[in-house]
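A short worksheet on the structure shown next.
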Amino acid sequence: MSQQSITISDEQLKQAAIKVINQEYTSVQPTAELPKQTNFLRDIPQTIHRIGNDIVNWSIPTEISIVEQSPSLMPLAQRLFLWSFIYGIAPRRYLEIGTDTGGSAMIVMSAIRALGLDDFQGVCIDPEFRLNQATRDYLGESFTFIQSKNSPEAMIEAAKISGLFDVILIDGDHTYDHALIDILMAIPYVCRGGYLLIDDAAHTQVRDAISYVIENCQLIDCGFVCRHSVSSEVEIPSGRWQGEEYRVGGLYLLRKPL
Ligand SMILES: C[S@@+](CC[C@H](N)C(=O)[O-])C[C@H]1O[C@@H](n2cnc3c(N)ncnc32)[C@H](O)[C@@H]1O
């Protein structure tokens, strides 16, 4: 029996490509900011893999349940990325610019606990910490808090505590000038091969600051690692924002070359 071959013309290929490009993926709203069922991450079942004759019994660390419980403003996808990223690269020295209620710091700490690292040192810079006692207890001795706006002095103080950082999370003032200065100030304090993780990268001003850094600084552009952003209506002094849709959320990753 002869097989019928299907040939696709260049024109058909072109039309298919145009269709893909025109699809409006970004109009799809995130369906769930947080799981509907509480504590679902705590009850993740064990995973058992059979590789040849070997049985690999690996369970997701129970510490991951903090991802759901932490008071972070980050959407769920971002929290999961942050936890998995920290778990994957196992940083010893972590700096956070913009901590608020300590949600992202808790997520980082829970991944560090899951790894069992006892030489981890975290530093947070924020002019207005809103940490409750339970969060302070969870972060324990592993974190130091510098109550100040980010500045060259604050960065020096942070580096005196830990040395150069493996990961710096930037989530402070989201205006263009401040976001840009935060990133530029962080570059000398991240170690070679270390990472800058920038939150709210979907925010227009933060996004522009990141674009400036990509064009002008010698960093590896690892890209938009988490695109889960949420739209937000914003009042500006001259009335409601009329331009581009205002979005927050989204994580961008830059790496200092080795
Ligand atoms: C979005 S919150 C941080 C949320 C936190 N990273 C989390 O995900 O749980 C932003 C924080 O940045 C702080 N902030 C504002 N301006 C700052 C500055 N110049 N330097 C450092 N932190 C700043 C605010 O006080 C606020 O607590």
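Quick notes
- The residue that is farthest from G140 (Cα to Cα), among those in the range 68-112 that are of a type in the set (D, E) and surrounded by fewer than 24 Cβ atoms within 10 Å (Cβ to Cβ), is E68.
- Subset tally (residues that are of a type in the set (D, E, K, R), part of a loop (DSSP other than H, G, I, E, B) and within 13 Å of the ligand (Cβ to nearest atom)) for the range 113-158: 3
- Checking S110 against (1) assigned to a loop (DSSP other than H, G, I, E, B); (2) under 17 Å from I66 (Cβ atoms), the condition it does not meet: (1)
- Out of D200, D173, D182, one residue alone is surrounded by 13 or more Cβ atoms within 10 Å (Cβ to Cβ), on the phi > 0 side of the Ramachandran plot and either at pLDDT 95 or above or within 16 Å of the ligand (Cβ to nearest atom) (or both). It is D200.
- For the range 169-220, filtering for residues that are hydrophobic (A, V, I, L, M, F, W, C) and either in contact with a Gly (Cβ under 7 Å, 6 or more places away or on another chain) or outside any helix (DSSP H, G or I) (or both) leaves 12.
Matching residues to (1) more than 10 Å from the ligand (Cβ to nearest atom); (2) at pLDDT 90 or above; (3) assigned to a helix (DSSP H, G or I):
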{"position": "V67", "(1), (2), (3)": "yes, no, yes"}
{"position": "A77", "(1), (2), (3)": "yes, no, yes"}
{"position": "F85", "(1), (2), (3)": "yes, yes, yes"}
{"position": "E96", "(1), (2), (3)": "no, yes, no"}
{"position": "T99", "(1), (2), (3)": "no, yes, no"}
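- The range 113-142: number of residues that are under 17 Å from W83 (Cα atoms) and either of a type in the set (F, W, Y) or surrounded by fewer than 22 Cβ atoms within 10 Å (Cβ to Cβ) (or both): 11
The values are calculated or read from the model by the stated rules, or taken from the named source; none is laboratory data. In this text, all values refer to a predicted model and were calculated from it rather than measured experimentally. So basically every Cβ, Gly included, is an ideal-geometry build from the backbone, and we count neighbours across all protein chains shown.
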